[in-house]
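Bear in mind these aren't lab numbers, they're just calculated from the coordinates by the rules spelled out. Keep in mind that what you see is a predicted model, and the values were worked out from it rather than measured. Backbone-built Cβ (ideal geometry, glycine too); neighbour counts: all protein chains shown.
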Amino acid sequence: MGILSQPVGAIAAWLQALLEGWGLAPGLTKVILYLIGAGLVATLVQVWVIFLIWFERKIIGRFQDRLGPNRVGPYGLLQPFADLIKIITKEVIIPAKADKPVYLLGPIVMDAGVLAIWAVIPLMPMVGMDTNIAALYTIAVGAFATLGILMSGWASNNKFALVSAIRTVAQMVAYEVPTVLALLVPVLLAGTMSLQGIVKAQHVWFVIFAPLAFLIYFIASVAEVGRTPFDLLEAESEIVAGFHIEYSGMVFAIFYVADFLHAFTIGALAAVLFLGGWRGPGVEAFPLLGIVYLWIKAFAVYFLVVWARGSLPRVRIDQMMNFSWKFLTPLALILLVVAAVLDHFVIGLGVWGRALSHLAANAVVAWLVLQYLEHYDRARARQRPMVAQPGQYPEARPPAPVETSPETAS
Amino acid sequence: MNAWIYIAIFIFLSLFFPALLAVAGWFLGPRRPNPIKEDTYECGLETVGETWVQFKIQYYLFALVFLVFDVELVFLYPWAVAYHKLPLYAVGEGVLFIALLAAALIYAWRKGALEWS
């Protein structure tokens, strides 16, 4: 096999031969190879965060009609490095009343939960561990990020932090259900839970099969990350900074690393599940291109997340709960039934016939939902008119009499 | 099996990296604790009363509804994986299962478990 058509396989085979040449047992060699592979992916992803921070600050700056970082290095590219050096030499303050071990473990668990998702993401053909329950694994491990927030919020022994931690759990609990339901649609269409298998099944991207499921997955993931408009967990104006109020120095920075990485990770997951993952022109010949395609797609979704952050206000907690339980969850259930029943009848139509009939069904569902929402809106407007009724508010004072000169008065 | 060794190594590494950062911050930063610095920060006021108190019951109700849903949704995954091999009858059974879930949601809704007030 050539280095271009099988880059990772060729290097792995060469390394394995080298290590076995040194007289190591085959089992140990395998573990060492896995360690190198996992170390490379984890480091790549962790270092990538530095760029994400620069990118997000720059883009948010542009959204808010500012320049963003532009002093340190060309286009401010060295700004995150300067911040890193600064923050790593700051004191790590542990409050006297805090539950010390849990307090320190919180950020680590949060970052680990996000990072561990990358173990199963297929970076290119034949790379990325291919377990048969990868889709479920991403959800299971992703929940550890929330656990980390709960741990740090609880252990801080601070009322703001506790409110934030409880809110986070409520939010995660609410948006986990639509996420899992929306995730069922690609699993059902591909007939496998392995992410590599889901990518391989996407001769046509699943976003064409199930645009609404993609939308639900996107919204619910943004809520699980706790990005604006669902950033109730750090609402600065209400609970100061939420769960990381007591943190400082490097332990505080880990929260930021985890947060940015989580946003990019949901981009990568959405790309794998709905946007064809590493698929793209020329991937069969040069598998290394796959990682470029995946990165571009993940980045596009990440840009949407940043865009939402730059343009939407924060929702209230009752709105947040209602939106998930009373809108996203029923809608996801309906979509799942529609996909399941429809796919059974159109499976013989070929790829595009299948895709287009699913798209048509999604359009019908979207139209019905919009009709229902409009009807609901009108019914509510009738119940509680937006225009003030007479007697609803205390009478305004009559305007002061205008002084008139005798000439004009007559 | 091999895949799980890789995942175990990966999880270990993903715990190791942030721990390394935290330890680096611990050693590179200064350490000059004093009672005021270590006090609980609540906008400059002294903190009043216990922090770890009982919480609003509504969160618990939502957690219960979530538990029902999440446990039942896991059962849908094997069904979705085997979907292409199923006859129409089995697909109908899956739909029936989803209908039961929807009924549970409507029940919780009617009972007011989903109200936030």
query: So what's segment A:1-89 giving for Rg/Rh, alpha carbon basis, Kirkwood Rh from the mean inverse pair distance?
result: 1.25
task: For every other residue with a beta carbon closer than 14 angstrom to the beta carbon of A:Pro178, add +1 if it is Lys or Arg and -1 if Asp or Glu, then tell me the sum.
output: -2
message: On alpha carbon coordinates alone, what is the Rg over Rh value for segment A:181-314, Rh being the Kirkwood radius?
response: 1.05
task: Just check segment A:87-138 against the gyration tensor rule for me: Cα atoms, a ≥ b ≥ c as the square roots of the eigenvalues, rounded for a/c under 1.5, and otherwise prolate or oblate depending on whether a/b exceeds b/c.
output: oblate
field: Rounded D (µm²/s) - chain B, Kirkwood Rh over Cα pairs, Stokes-Einstein at 4 °C, 1.567 mPa s
entry: 63
Summed residue charge, Cβ within 15 Å of A:Ile216's Cβ, Lys/Arg positive, Asp/Glu negative: -1
statement: Here the net charge surrounding B:Glu115, from other residues whose Cβ is less than 13 Å away from its Cβ (Lys, Arg +1; Asp, Glu -1), is +3
- request: Pairs of Cα atoms under 8 Å, at least six residues apart: use those to get the relative contact order of chain A, whole percent.
  value: 18
Alpha carbon convex hull of chain A, projected area averaged over orientations, nm²: 32.6
- line: Taking a ≥ b ≥ c as the square roots of the eigenvalues of the Cα gyration tensor, with a/c under 1.5 meaning rounded and otherwise prolate when a/b exceeds b/c and oblate if not, segment A:298-376 is oblate
statement: Ranked on Cβ counts within 10 Å of their own Cβ, fewest leading, B:Thr47, A:Thr29, A:Thr329 go B:Thr47, A:Thr29, A:Thr329
message: Sequence gap of 8 or more, or different chains, plus Cα separation below 20 Å: how many lysine pairs satisfy both in the protein assembly as shown?
response: 15
query: On full extension of the chain, what length is gained from A:Ala400 through A:Lys100, given 0.36 nm per residue of separation minus the C-alpha to C-alpha distance?
result: 101.6 nm
Fewest-first sequence of A:Phe51, B:Phe17 by Cβ atoms within 10 Å of each Cβ: A:Phe51, B:Phe17
- line: Rounded to a whole number, the Stokes-Einstein D of segment A:124-198 in µm²/s (Kirkwood radius over Cα pairs; 37 °C; 0.692 mPa s) is 232
